[in-house]
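Each value in this text was obtained by applying a stated rule to the coordinates, not by laboratory testing. Worth saying up front: this structure is predicted, and the values here are computed from it rather than measured. When we count neighbours, we look across all protein chains shown, and the Cβ atoms used for this are built from the backbone with ideal geometry, even at glycine.
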Amino acid sequence: MDETASYPPIEPSNFDLIVVGTGLPEAILASAASAAGKSVLHLDPNPSYGSHYASLPLQEFTSYIESHSSQSSSILTIPQSDMDSGFTRVPLTTQPLYSSVEITSYSSEPLAQSRKFNIDLSGPRVLLCADAMIDLILKSEVNQYMEFKSIDGSFISDGEGNLESVPDSRSAIFKDRKLSFTEKNQLMRFFKLVQGHLEAATAADGGESSESKSISEQDLESPFVEFLSKMGLSAKLKSIVLYAIAMAEYDQENADVCRSVLKTKDGIDRLALYHSSVGRFPNAPGAMIYPIYGQGELPQAFCRRAAVKGCIYVLRMPVNSLLMDKASGSYKGVCLASEQELFCHKLILAPSFVVQSPLPYSSPDAHDFGSRNTTEKLARSICISKHSLKLDVANCLAFFPPRSLFPEQVTAIHVLQLSSNVAVCPSGMFLTYLSAICEDDVQGKNLLHTAIDVLFHVPVSGSPGNNNFVEDQSETGDAKPAVLWSVFYTQELAKFQDVRDNIIRTPMPDGSPYYHDLLVATEKIFRELYSGEEFFPKSTSSEEGAAQELED
């Protein structure tokens with residue numbers, strides 16, 4: 001029986017905004033529009049919140065990945081004219097956003113405890129304590145629906161298979177036994193220079209003078225890697241600053257392969273953000289925190305906030321087509337799977353949806369609206385093990401800089417290990433996420449499989465769908481954690497597109513382990529929709545009180 005047939009008609013039938021999909025950008029936009037006094041209907045064909053930003057039990061996670069992969073397909077149909085109204089129904093279809101899905105099980109234990117996992121579709125991802133996303137969480141007061149836990153530390157590969165601590169603060173530099181005395185002095189002088197520049201910039205903005213020296217405009221516009229070399233930092237220190245703190249994606253020292261050159265001014269901003277995150281909250285001494293129960297709590301929290309402001313939610317309700325005015329060809333509303341027609345001024349679509357073209361009155365060369373608009377992909381992998389990557393470390397972030405695994409490695413690899421103390425896996429197990437920007441599936445597999453071989457002991461007996469039992473690490477004597485279960489897949493990187501006839505499509509999760517770029521794109525969408533409205537008006541309660549609640 002069709003679930004949608006049992007739904008009563010949605011009332012009212014006219015809205016200022018309809019949002020399809022409950023991923024994080026869609027949830028933030030629905031909440032922001034509701035806070036601005038707009039009437040909002042939020043739909044999702046899935047039975048749970050989060051879309052591509054959800055946290056799911058193990059078996060539901062694999063089902064979601066497989067159902068949204070290139071192995072599945074949507075049936076394309078042609079626009080149908082409704083004879084009883086003045087609208088043409090333009091089909092709304094879905095496109096595969098995942099490919100090369102490989103699931104390997106070496107033990108029956110993870111699947112036997114599937115419901116105890118909360119696996120992020122968009123991992124690895126953490127929250128910097130001073131990031132704009134934290135500020136938004138406090139400003140919108142969605143922190144009352146969430147709890148967080150501190151990430152224990154950050155590590156970086158030394159190029160020889162070892163993970164070393166990232167010296168990201170004055171005390172960490174002094175305690176680091178892997179840095180030479182000369183390297184400690186170099187790094188301290190560099191951080192002092194950056195701090196002086198930031199103090200001088202702050203004073204200048206306030207119309208005051210400062211004894212601190214600013215970095216020249218010429219240096220600020222130069223590549224960050226060149227500035228680091230100019231400051232005398234060793235190759236090791238440059239790698240730490242570029243890839244573990246400033247989060248550069250591509251090999252900054254190879255102009256032939258670097259698609260995104262990090263300028264000094266942007267690198268300085270990222271260092272400032274990182275260092276202001278360290279110790280912002282008393283209960284989180286490091287720079288990063290993670291939501292208990294997974295990243296999927298974020299979209300759920302914003303959806304709850306939107307509901308408080310009057311947003312209407314309906315899950316398990318697919319949108320079959322868009323309603324286009326026959327006379328003008330402009331967008332007017334949507335037609336649900338239940339055959340109900342709803343009308344709104346503006347529409348937001350999750351990245352998996354595609355509006356077939358040509359639309360009425362569009363050019364013959366028009367592409368499907370929502371089709372992929374970037375050639376890059378994002379390789380992702382998840383490994384389940386019984387032991388930590390680092391002794392006595394429960395939750396940590398790690399990095400493999402370009403060329404740290406093999407000479408042809410042109411992008412950095414991000415790694416996030418999480419334990420049961422953030423309620424994402426059963427007690428005694430660990431979840432490890434890996435990701436890297438890549439050109440294609442083959443390159444992505446090579447990158448992540450190489451990193452996995454460095455970090456883990458991978459049994460030779462497993463194969464996709466296999467439940468062979470693997471011996472406990474302590475019994476094999478292997479120093480590396482043994483993989484119990486793993487998945488590899490590549491994700492499309494659909495980015496924000498301009499508004500087309502009051503229809504906007506949100507971006508996919510990006511390759512950053514932070515939320516800054518995603519939030520910038522989301523706020524840009526809100527400005528496109530409602531240029532005269534404030535993005536989340538400040539509530540009557542103080543942010544200081546909300547911050548205290550976040551710390552607790």
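Report the charge-dipole magnitude of the stretch 89-203 in Debye, nearest 20, computed about the Cα centre from +1 at each Lys and Arg Cβ and -1 at each Asp and Glu Cβ.
160 debye
Which three extents, in angstrom, do the Cα atoms of the stretch 105-207 have along their principal axes, listed largest first?
Largest first, the stretch 105-207 extends 59, 44, 19 Å along its Cα principal axes.
Ordered by residue, what ³J(HN,Hα) values in Hz, to whole numbers, does the stretch 172-188 give under the Karplus form 6.51 cos²θ - 1.76 cosθ + 1.60, where θ = phi - 60° and Gly and Pro are x?
Residue by residue, the stretch 172-188 yields 5, 5, 5, 7, 5, 8, 8, 8, 6, 4, 5, 5, 4, 5, 4, 5, 5 Hz.
Once amide H atoms are built 1.01 Å from N in the peptide plane, which residues 5 or more positions from Trp485, or in another chain, come under 5 Å H to H?
Placed amide hydrogens put Tyr106, Ile384 under 5 Å from Trp485.
Could you sort out which of Lys116/Lys386; Lys149/Lys265; Lys265/Lys538; Lys38/Lys139; Lys178/Lys230; Lys38/Lys538 sit more than 25 Å apart by Cα distance in this structure?
Where the Cα-Cα span goes over 25 Å, the pairs concerned are Lys149/Lys265; Lys265/Lys538.
Can you list residues from other chains, or at least 5 along the same chain, whose modelled amide H is less than 5 Å from the amide H of Cys425?
For Cys425, whose amide H was placed from the backbone, the distant partners under 5 Å are Asn118.
Under 5 Å between amide H atoms, partner at least 5 residues away or on a different chain: which partners does Gly153 have, H built in plane at 1.01 Å?
Leu397
Which FRET efficiency, nearest 0.05, do Ser180 and Ser330 yield, Cβ-Cβ r, R0 56 Å?
0.25
Which lysines does Lys326 reach when only Cα atoms under 22 Å apart count, and residues fewer than 8 places away in its own chain are ignored?
Within reach: Lys346.
Per residue of the stretch 110-117, what does 6.51 cos²θ - 1.76 cosθ + 1.60 with θ = phi - 60° give for ³J(HN,Hα)? Whole Hz please, x for Gly and Pro, Karplus curve as stated.
x, 5, 5, 10, 3, 5, 8, 9
Which value, in Å to one decimal place, does the Kirkwood hydrodynamic radius take for the stretch 93-156 when every pair of different Cα atoms is included?
16.1 Å
From the phi angles alone, apply the Karplus equation (6.51, -1.76, 1.60; θ = phi - 60°) to the stretch 393-409 and give each ³J(HN,Hα) in whole Hz, x where the residue is Gly or Pro.
Ordered by residue, 3J(HN,Hα) equals 10, 8, 10, 8, 10, 9, 9, 10, x, x, 6, 7, 9, 7, x, 7, 6 Hz.
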